[in-house]
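Student: What follows is a single structure, and I will ask about it in a moment.
Just so it is clear, none of the values below were taken in a lab; they were calculated from the coordinates. Bear in mind the structure is a predicted one, so any value in this text is a computation, not a measurement. Cβ coordinates were reconstructed from backbone atoms using ideal geometry, including for glycine residues, and neighbour counts include every protein chain displayed.
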Amino acid sequence: AQKAGKNRFAWFDPAMERALQVRSALESGLRVAIPREEITPYFEQQVDLASGRLHGFEVLARWEHPTHGMIPPDRFIPVAEDAGLIGDLSLSIMRQAFHGARDWDPGLSLSVNISPVQLRDAWLAQKIIKVLTETGFPAHRLEVEITESALFDNLALAQSIVGSLKNQGVRLALDDFGTGYSSLAHLRALPFDRIKIDKSFVLSLNQSADSAAIVNTILRLGESLNLPITAEGVEDAAIEERLRAIGCAKAQGWLYGKPLSIAGARRLLAERRLI
Ligand code: C2E
Ligand code: CA
Ligand code: CA
Ligand code: CA
């Protein structure tokens, strides 16, 4: 009853009504953009800190709208989740990314983001495996990144999806560790292979004693649990050096460049003889 009251109030609030219009425009835009593959994968380098070598890429969705320009994922992913479109969007991104990456150096991995909403789809693992098979991208080169508490919506289903993927050799990362919803309890709920430290701690690592303490603690935790750590949001060499010194396994961020289109990633790999 409280919810209905809120909605009725919102209906007469012009700012709220405007927001709803923008949302429904985004939703109808998505219905067209997904089948047209206007939302494409971009590739953010992930670097092995000990060797300095390129380890692989995180796949990030980008929507280059024909009239509105670049729309960031933080705006359209929540709309896709609410509209029931996130499953199709995610599989489209994966299909394009796996297809683009299948002839890259076999040492390179891809990490894809899975929305918690997708973990309610009992067929998710089968759908991902089908895209892997169709594109010829090997399952052992794929890592799936999961965040947030919706894992616990239906933990048994999440565990079964993850179990089917891991049986095929797909690896599992806990994303945004340390922020709101990712907690210690998550680490026991699913068989994670890696922890990712959110950029909010990494960006301030050299300015804030609190951030440094948190990053150190996560690294020690990873050591005890035998889970390697990836730090995101590495923007400068001083932070990179600090992370290497304290034993962080991998890093990603603007220090290594902005996320690249498939064509951009191909150029980079060709220069480095990894294609
Ligand atoms: P995320 O998974 O935590 O991804 C990292 C975000 O940090 C990306 O933003 C990336 O571009 C940005 N970033 C990387 N390095 C740096 C850096 O050095 N400094 C700063 N300031 N930022 C950096 P992006 O691409 O805007 O993505 C935002 C979020 O949208 C992602 O956060 C992820 O949760 C979500 N997302 C992106 N693509 C997908 C997708 O295909 N599916 C789903 N479900 N979510 C996605
Ligand atoms: Ca991620
Ligand atoms: Ca995230
Ligand atoms: Ca993050």
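Student: Only one residue in 134, 143, 58 is among the charged types (D, E, K, R), touching an Asp or Glu at 6+ places or on another chain (Cβ under 6 Å), touching a residue at least 12 places away in the same chain (Cβ under 8 Å) and closer than 22 Å to residue 168 by Cβ, so which one is that?
Tutor: On the way: 134 fails: touching an Asp or Glu at 6+ places or on another chain (Cβ under 6 Å); 143 fails: touching an Asp or Glu at 6+ places or on another chain (Cβ under 6 Å).
Going through 134, 143, 58 in turn, the sole match is 58.
Student: Here's something else I'd like to know. Which of the residues that make up region 44-65 are surrounded by 20 or more Cβ atoms within 10 Å (Cβ to Cβ) and among the polar types (S, T, N, Q)?
Tutor: If the condition is that a residue be surrounded by 20 or more Cβ atoms within 10 Å (Cβ to Cβ) and among the polar types (S, T, N, Q), then 45, 46 are the ones that fit.
Student: Does region 174-196 hold any residues that are closer than 17 Å to residue 143 by Cα and in contact with a Ser or Thr (Cβ under 7 Å, 6 or more places away or on another chain), and which are they?
Tutor: Listed by number, the residues that qualify are 174, 175, 176, 194, 196.
Student: Restricting to region 24-43, and then to whatever is of a type in the set (Asp, Glu) and within 14 Å of residue 92 (Cβ to Cβ), can you tell me which residue is surrounded by the fewest Cβ atoms within 10 Å (Cβ to Cβ)?
Tutor: To start, the set of residues in region 24-43 that are of a type in the set (Asp, Glu) comprises 27, 37-38.
Among the residues that remain, those that are also within 14 Å of residue 92 (Cβ to Cβ) are: 37-38.
Details: 37: 12, 38: 17.
Only one residue fits best here, namely 37.
Student: Also, quick follow-up: Whether any residue in region 248-270 is crowded, with 18+ Cβ neighbours inside 10 Å, more than 18 Å from residue 108 (Cα to Cα) and either basic (Lys, Arg) or more than 16 Å from ligand 4 (Cβ to nearest atom) (or both) is what I want to check.
Tutor: No, because not a single residue in region 248-270 is crowded, with 18+ Cβ neighbours inside 10 Å, more than 18 Å from residue 108 (Cα to Cα) and either basic (Lys, Arg) or more than 16 Å from ligand 4 (Cβ to nearest atom) (or both).
Student: Taking the options 239, 214, name whichever one is crowded, with 17+ Cβ neighbours inside 10 Å, within 11 Å of ligand 1 (Cβ to nearest atom) and aliphatic (A, V, I, L, M).
Tutor: On the way: 214 fails: within 11 Å of ligand 1 (Cβ to nearest atom).
Going through 239, 214 in turn, just one is crowded, with 17+ Cβ neighbours inside 10 Å, within 11 Å of ligand 1 (Cβ to nearest atom) and aliphatic (A, V, I, L, M): 239.
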